1. Would you confirm, using the coordinates I've provided, whether I317 is at pLDDT 95 or above, among the hydrophobic types (A, V, I, L, M, F, W, C) and either within 30 Å of P563 (Cβ to Cβ) or assigned by the TED database to the domain that holds L572 (or both)?
2. L524 versus (1) more than 22 Å from L390 (Cα to Cα); (2) touching a residue at least 60 places away in the same chain (Cβ under 8 Å); (3) under 22 Å from the mean Cα position of the chain (by Cα): which is the lone unmet condition?
3. Are any residues in segment 182-196 closer than 23 Å to V113 by Cβ and within 6 Å of the ligand (Cβ to nearest atom), and if so, which ones?
4. Could you look through segment 301-322, keep only residues that are assigned to a strand (DSSP E or B) and within 14 Å of the ligand (Cβ to nearest atom), and pick out the one that is surrounded by the fewest Cβ atoms within 10 Å (Cβ to Cβ)?
5. What is the residue count in segment 529-582 for residues that are touching a helix residue (DSSP H, G or I) at 6+ places or on another chain (Cβ under 7 Å) and part of a helix (DSSP H, G or I)?
6. Which count do you get for residues in segment 475-505 that are in a helix (DSSP H, G or I), farther than 21 Å from V363 by Cβ and in contact with a strand residue (DSSP E or B) (Cβ under 9 Å, 6 or more places away or on another chain)?
7. Please identify the pairs in which a residue from segment 288-304 that is small (G, A, S) has its Cβ atom under 8 Å from the Cβ atom of a residue that is surrounded by 15 or more Cβ atoms within 10 Å (Cβ to Cβ), counting only partners at least 6 apart or on another chain.
Amino acid sequence: MRGRVPVGLAVSGDELGLLSAFLSGYLCCQLLQAQQGLLEFKHRGPVSESYSGANTSSSAKSTTVAFAGLLGLAALGIASAYWRPHPTPVHLDSVIAPAQQAEDTGYASSDEVRKAIEELKKALRGEVITDASTLVTYGSSANSYHPASPHSVAVRVNSTDDVVKVVNIAKKYRIPVVAYSGATSLEGHYSGIESGSICIDMSGMDKVLEIHEDDGDLVCQAGARWEDINQILKDKDIPLFFPIDPGPGATIGGMIGTGCSGTNAVRYGTARAEWFLNVTVVLPNGKVIKTRRRARKSSTGFDTTKLFIGAEGTLGIVTEATLRLAPVVPTKVAMAQFPTVEKAVSAVQEILNSPDGPHIQCVELLDDRMMAAINAAGLVSRSYPVSDTLFLKLQGTNESIQQTATTVQNIFSRHGSTAFEFASSEDEAAEMWENRKYALMSTITAGGEGTRVWTTDVCVPVSRLPELVYETKKDLAKSGLNKTTIVGHVGDGNFHALIGFNSDEELPNVSAAVHRLVHRAIALDGTCTGEHGVGVGKKEYLYDELGEDTVELMKTIKAAIDPLNIMNPGKLYPDDKPGKGH
Ligand SMILES: Cc1cc2nc3c(=O)[nH]c(=O)nc-3n(C[C@H](O)[C@H](O)[C@H](O)COP(=O)(O)OP(=O)(O)OC[C@H]3O[C@@H](n4cnc5c(N)ncnc54)[C@H](O)[C@@H]3O)c2cc1C
């Protein structure tokens, strides 16, 4: 088991730093997703201000101080996580697997891995990294509590040609290749492979190559971050934006990899909608394909672009993509309290199915415990009723927003809403949305010193959400996991449990609660993951969720495209059931 890193199981200084980075990062995400702007989370770089693109608000200034403080926290967390004063020199042998393991797996021996590294150094213009502590960072994530191994080598690529060279060397020696981009995925997606692996760091391929304003699309490299893309459009006074909004720092390649979404999904859909018009991919055999041309529509055969959305880097490495863009539309914010999640959800369903439904850009549910945590944490200026609360963003012209607000208010009161506030100005909207954006930090702060959080996501048909929330809260209380709060993209039936805990000893209890939650969601005709993806953490649920034959189809596609199984093995596809041949 040499080389295994039980991520998150020991609280070393580094891990505290990583945890701090994660928490700060997640808070930044709340801020970002809440306000749609002004924040940039750089994975290994400075944290700076930028714009996410959907909507600007003059009231942004009113939150600058809070942002500055939180950005400071984030910077501190990131710095302590990734800055090592004197990196311990570790010999390459310590990150290359022993030869006999290679025989077991069919992958390259340690000698072959060494030869491959030498070839990579000769072949690439980009950097080839063999420093052991950096490889641990590349191979593990503070956001995931699943076991991970360091990579044998990491390469920073600059072009599709670079990626082809890496894949050809990996193919020659049969070494697993793992794409790494924004590194914000949450289920061990890019962890290293125990027998040895090459990590391809795509983050340098971050250029926007072409903008076609009239056509409403742009072409970019896969390492471009969604916030940067929106900032570039804003800087150029182009009134368009890319509406898929996952974690801060996420890149186009990683977003395609995980089939992500975010708060905007209720209005704009997910990465699986047609926001990616085509992708350029380096296949496991080293060939480069482009899945489609730039036309908005095409009915030429089946959709090969989709094959790579949610494939988590197991079918090829995406190097470029054409993104469809949406017009920037003004927004306003509303907030309402409800006596139960059930009433809140039924109100949301009615609004979304009404003629004003298309004017709802985001609907977020914060449960009563989250509201209590917000009050207890004291990060906002006033106290709120401790009840299940909806935060909404309405979009459109002034007239349509006013009309939608009236509809929303009427529907809410019919469904027993106990209080409703609609912000009539942008300043008021930003102030109100602050409550939503303090959600995660409030969970941590209210949990007390040393609180850590395991974030998980599931998704069910919206009508089944109240039952899921009710049963889950009962189960968490019975398990003694009383520091948990719930936040949901309620318009999509997608919900996140932020399970607070303090010690490693609690991890089996937390993990068991996540397991039960996933099974509960699947039993309600839902999914083990609405937006975070499968990685290592959720793959065991695919047989249950999709059925044996669907999983076999996935494995057949994988085997056809990647017969050597070199693209991110061990992720996404569940292990074979006992007695199965694969
Ligand atoms: C604070 C925070 C908030 C978040 N909020 C959301 C949210 O609201 N919605 C949501 O959906 N997710 C959310 N996430 C999860 C995460 O942001 C998404 O999963 C995101 O899509 C990952 O993108 P990335 O660039 O970080 O990918 P990475 O983590 O680098 O990689 C993800 C997967 O894609 C593969 N991959 C990466 N690049 C490529 C490529 N070029 N070609 C092929 N495969 C590739 C990797 O091998 C890996 O399997 C959040 C995460 C954090 C930390």
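1. On the way: at pLDDT 95 or above: yes; among the hydrophobic types (A, V, I, L, M, F, W, C): yes; either within 30 Å of P563 (Cβ to Cβ) or assigned by the TED database to the domain that holds L572 (or both): yes.
So I317 passes the test.
2. (3)
3. Here is the first cut: in segment 182-196, the residues closer than 23 Å to V113 by Cβ are 183, 188-196.
The answer is A183, H189, Y190.
4. Taking segment 301-322 and keeping what is assigned to a strand (DSSP E or B), we get 317-322.
The next check asks that each one be within 14 Å of the ligand (Cβ to nearest atom); those that pass are 317-321.
Values: I317: 29, V318: 33, T319: 26, E320: 22, A321: 26.
This residue is E320.
5. Residues that pass the stated criteria total 6.
6. The first filter runs over segment 475-505 and keeps only residues in a helix (DSSP H, G or I), leaving 475-478, 490-492, 504-505.
Filter again for farther than 21 Å from V363 by Cβ, leaving 475-478, 504-505.
The next check asks that each one be in contact with a strand residue (DSSP E or B) (Cβ under 9 Å, 6 or more places away or on another chain); those that pass are 476.
Qualifying residue count, segment 475-505: 1.
7. From segment 288-304, the pairs are A295/L277; S298/R292.
Residues are listed down the side, and each one gets a yes or a no for (1) within 11 Å of the ligand (Cβ to nearest atom); (2) within 21 Å of D162 (Cα to Cα); (3) in contact with a strand residue (DSSP E or B) (Cβ under 7 Å, 6 or more places away or on another chain):
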position	(1), (2), (3)
I252	yes, yes, yes
T263	yes, no, yes
V266	no, no, yes
A271	yes, no, no
V281	yes, yes, yes
P284	no, yes, yes
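The values are calculated or read from the model by the stated rules, or taken from the named source; none is laboratory data. Only a predicted model underlies this, so the values are computations on that prediction, with no experimental measurement involved. Quick reminder, even Gly has a Cβ in these numbers, built from the backbone with ideal geometry, and neighbours come from all protein chains shown.
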